[in-house]
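Asks: One structure, as structure tokens, below. Some questions next.
The values are calculated or read from the model by the stated rules, or taken from the named source; none is laboratory data. None of these values were measured; they are calculated from a predicted model. Please note: Cβ atoms are built from the backbone with ideal geometry, for glycine as well, and neighbour counts cover all protein chains shown.
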Amino acid sequence: MSKYNDTIYALSSPPGKSAIAIIRVSGKGVLKIIKKLFPVSKKITPNKTNLFLLKHKKKPIDQVVLIYFKQPKSYTGENMIEINCHGGPVIINKISLILEGLGVRLAEPGEFTKRALLNNKIDLVKTESIADLINSETEKQMSLAIKNLTGGLSSFTKKINEELSNILANTEAIIDFSDEDLPKDILKSIKEQNKNIIKQIKKELVNSKISRPIREGFRVSVIGKPNTGKSSFVNYVSKKNVSIVTSIPGTTTDAITSSLEIDGYKFTFIDTAGIRRHRNKIEELGIKKTNEIITSSDLNLVFLEKNETNKYKNIKNKLFVRSKADKKQKKTKEKNIYNISSFSGVGVKLLLKKIKDILLKNNKNEPILSRERHIFIMKDVLKTLDSIDFSENLDILAYKFRVALNQSLEINQKFDIEDILGIIFNDFCIGK
């Protein structure tokens, strides 16, 4: 059971005025809270709705719906109630004060889920997935979180752990029962199993390359000379004026970002200072920052004035764009240059499709390893298995298989849990 012995509460619905608000209470003191708040003769049945007039010191507060979840069949694994009240700020504040007066503490961010984890209601991967689901901004982020919440990664690691356990058992059997009649070719079978596990892990590590872009989004920098249509393009795709647009060169002196969703993926466009000789200290800093952004971006959109493509030959991951197509009398198609208009929208849809196709090339499979922690652990497992030389002493083989198994178990292991829980639960809101 959980090490927590106190009772907590939190508003689990969004703050502010609303039709309904939900206040959660969890802990060993929940049954006493029910008796204090709702001193009625009728029995409160778990998992059923109960309508009450909530009073405090005989004064009516609100008509509420109470749901009681009896331990261990609750989200946290503890006795827990949800009070569904009307969502007026005064009502919410009053109920909060009443609970605090009864010795109930305001929960820390993510503390309900933290208790669920410590009470073995959910595992570590599902805990992370809940945080990812809450914080998802795009359809792909949501899909990735749901996949692991419903057991995607847990199923994969369970399979790997079972196979590693089987290899370890077979290796130790050869050591312990060398004089017995063991199955023929058992060492050959161990080699094949090892190869198979390595293949599975490598496949998922390849798929995981898309994990960071799904979680954080692709970074697309918009660069080029001043007045080539960079800011107008960012404003057009953002559907709002995020960048200042004037005929005066050097208007953009800092990096301005705007994020949008394209087919479920997050793309962050970065409007940068024009690349040219600086006229003052501010422009110098802006151009320096642009060069830093170019290096860290997944793709660089280079907006051209004329045909100065050779000036950008040292820039990697680039796509050439020429804007103001609506003002050009002669329409020409040039290889590897996308002509667009941020006024009429001509060519923008095609450009966005090209950006998506470039960045998603060879990354069409949805990953299972969604967080850096998962990826690092599986890379360690792979490194250990790759280091195995079957000409080595059997005791060394067994030792390395045991190391690989312990590394893999870390994905869902709760040893030294406090060292990582703080990091995980920083992503949570209060009330979850």
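Asks: So which residues in the stretch 381-416 are surrounded by 16 or more Cβ atoms within 10 Å (Cβ to Cβ) and over 26 Å from residue 173 (Cβ atoms)?
Replies: Selection gives 411, 412.
Asks: Inside the stretch 43-53, can you point out the residues that are part of a loop (DSSP other than H, G, I, E, B) and touching a strand residue (DSSP E or B) at 6+ places or on another chain (Cβ under 6 Å)?
Replies: Answer for the stretch 43-53, where residues must be part of a loop (DSSP other than H, G, I, E, B) and touching a strand residue (DSSP E or B) at 6+ places or on another chain (Cβ under 6 Å): 44, 46.
Asks: Kindly provide the set of residues from the stretch 85-110 that are more than 16 Å from residue 22 (Cα to Cα) and in a helix (DSSP H, G or I), ordered by number.
Replies: Hits for the stretch 85-110 are 100, 101.
Asks: Test residue 162 against the criterion of being loosely packed, with under 13 Cβ neighbours inside 10 Å and under 16 Å from the mean Cα position of the chain (by Cα), and give yes or no. Working first, answer last.
Replies: Working: loosely packed, with under 13 Cβ neighbours inside 10 Å: yes; under 16 Å from the mean Cα position of the chain (by Cα): no.
It is false that residue 162 is loosely packed, with under 13 Cβ neighbours inside 10 Å and under 16 Å from the mean Cα position of the chain (by Cα).
Asks: Six or more apart or on different chains, Cβ atoms under 7 Å: show the pairs whose first residue is in the stretch 333-359 and within 10 Å of residue 319 (Cβ to Cβ) and touching a residue at least 24 places away in the same chain (Cβ under 8 Å) and whose second is β-branched (Val, Ile, Thr) and assigned to a strand (DSSP E or B).
Replies: Listed pairs, sorted by first residue: 351/321; 355/220.
Yes/no per residue for (1) at pLDDT 95 or above; (2) assigned to a strand (DSSP E or B); (3) on the phi > 0 side of the Ramachandran plot; (4) touching a Ser or Thr at 6+ places or on another chain (Cβ under 9 Å):
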{"site": "15", "(1), (2), (3), (4)": "no, no, no, no"}
{"site": "31", "(1), (2), (3), (4)": "no, no, no, no"}
{"site": "36", "(1), (2), (3), (4)": "no, no, no, no"}
{"site": "41", "(1), (2), (3), (4)": "no, no, no, no"}
{"site": "55", "(1), (2), (3), (4)": "no, yes, no, no"}
{"site": "61", "(1), (2), (3), (4)": "no, yes, no, no"}
{"site": "82", "(1), (2), (3), (4)": "yes, yes, no, yes"}
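Asks: Any residue at all in the stretch 133-144 that's touching a Cys at 6+ places or on another chain (Cβ under 7 Å) and either closer than 20 Å to residue 398 by Cα or in a helix (DSSP H, G or I) (or both)? It would help to see each step written out before you state the result.
Replies: Filtering the stretch 133-144 for residues touching a Cys at 6+ places or on another chain (Cβ under 7 Å) gives 134.
Among the residues that remain, those that are also either closer than 20 Å to residue 398 by Cα or in a helix (DSSP H, G or I) (or both) are: 134.
Within the stretch 133-144 (the criterion being touching a Cys at 6+ places or on another chain (Cβ under 7 Å) and either closer than 20 Å to residue 398 by Cα or in a helix (DSSP H, G or I) (or both)), the answer is yes, since at least one residue qualifies.
Asks: For the stretch 363-394, which positions are free of Cβ contacts under 8 Å to residues at least 24 places away in the same chain and not charged (D, E, K, R)?
Replies: Residues satisfying the conditions are 376, 384, 387, 391, 393.
Asks: Ok, one more. Considering every residue within the stretch 225-233, establish whether at least one is modelled with pLDDT of 65 or more, aromatic (Phe, Trp, Tyr), surrounded by fewer than 20 Cβ atoms within 10 Å (Cβ to Cβ) and in a helix (DSSP H, G or I).
Replies: No, the stretch 225-233 contains no residue that is modelled with pLDDT of 65 or more, aromatic (Phe, Trp, Tyr), surrounded by fewer than 20 Cβ atoms within 10 Å (Cβ to Cβ) and in a helix (DSSP H, G or I).
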